[in-house]
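Following: one structure in structure tokens, then a few remarks.
Taken together, the values in this text are just the output of simple stated rules run on the coordinates, not laboratory data. Owing to the predicted nature of the structure, the values given are computational and were not obtained by experimental measurement. Neighbour counts run over all protein chains shown; Cβ positions are idealised from the backbone, glycine included.
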Amino acid sequence: MNPSCNLFIVGPTGAGKTSIGRRLAAHYGLPFLDLDQEIERHCGTSVSTVFELEGEAGFRRRESTLLEECSSRSGVVLATGAGAVLDPVNRRLLIERGYVLWLQATLEQQLERLARDRSRPLLAGEDRGAKLEAMALARTPFYEEIADLIIPGEHELVLAASERSIALIDQHWQRQHAA
């Protein structure tokens, strides 16, 4: 939604939503929320444990509940989980309540950035590349559907990616100030 007082970040696992989101929040003087961290805070345990105890369906229910709560705030930068876009209600909330930034990442970039990360339940086991490809196939149409602005992934450090994102956002986001 443009104009909006909120900036919502979507994109695949390893795109940099949290790292870049923090820098965007600092730049725009807004509070930063990470949806996975909000789930962990509310549950008192890790996302991996939620998956282990409740499965993906239980995790997605919690994710939707907290997305509804977090997206209703005014004047925030919110980094969603990569799969939050799978639920049509979540997509509607993102479209209606904020300016949606899609951070893209190639499969190679994801594999490189996630090489040592073992905390992501959907990537557990063998053949991470195939899992990431399947996720991209399922999720990319939804990212396309809701994105107000697309930031292509490039091989660069977080600072450079953040600065490039800010330059593009400043050209397109009609920011409203929070009520």
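Among Ile169, Thr45, Ile146, whose Cα lies farthest out toward the positive end of the dipole of the range 7-172, if unit charges sit on the beta carbon of Lys, Arg (+1) and Asp, Glu (-1)? The one lying farthest along the dipole's positive direction is Thr45. Ranking Ala84, Ser4, Ala15 by how far each Cα lies toward the positive end of the dipole of the chain (charges on Cβ) leaves Ser4 at the top.
Whole-percent P(r), the range 65-146, all Cα pairs, 10 Å bins from 0: 15, 45, 30, 9, 0. Each Lys and Arg contributes +1 and each Asp and Glu -1, all at the Cβ; summed about the Cα centre of the chain, the dipole is approximately 320 debye. For trypsin sites (Lys or Arg not before Pro), the sites in the range 111-170 that DSSP calls loop and that have at most 15 other Cβ atoms within 10 Å are Arg116, Arg118. Legend: Rg and Dmax of the chain, from Cα coordinates, 15.4, 48 Å.
Evaluating 6.51 cos²θ - 1.76 cosθ + 1.60 at θ = phi - 60° for every residue in the range 90-105, the Karplus couplings come out as 4, 4, 4, 4, 5, 4, 7, 10, x, 8, 9, 9, 9, 8, 8, 7 Hz, glycine and proline recorded as x.
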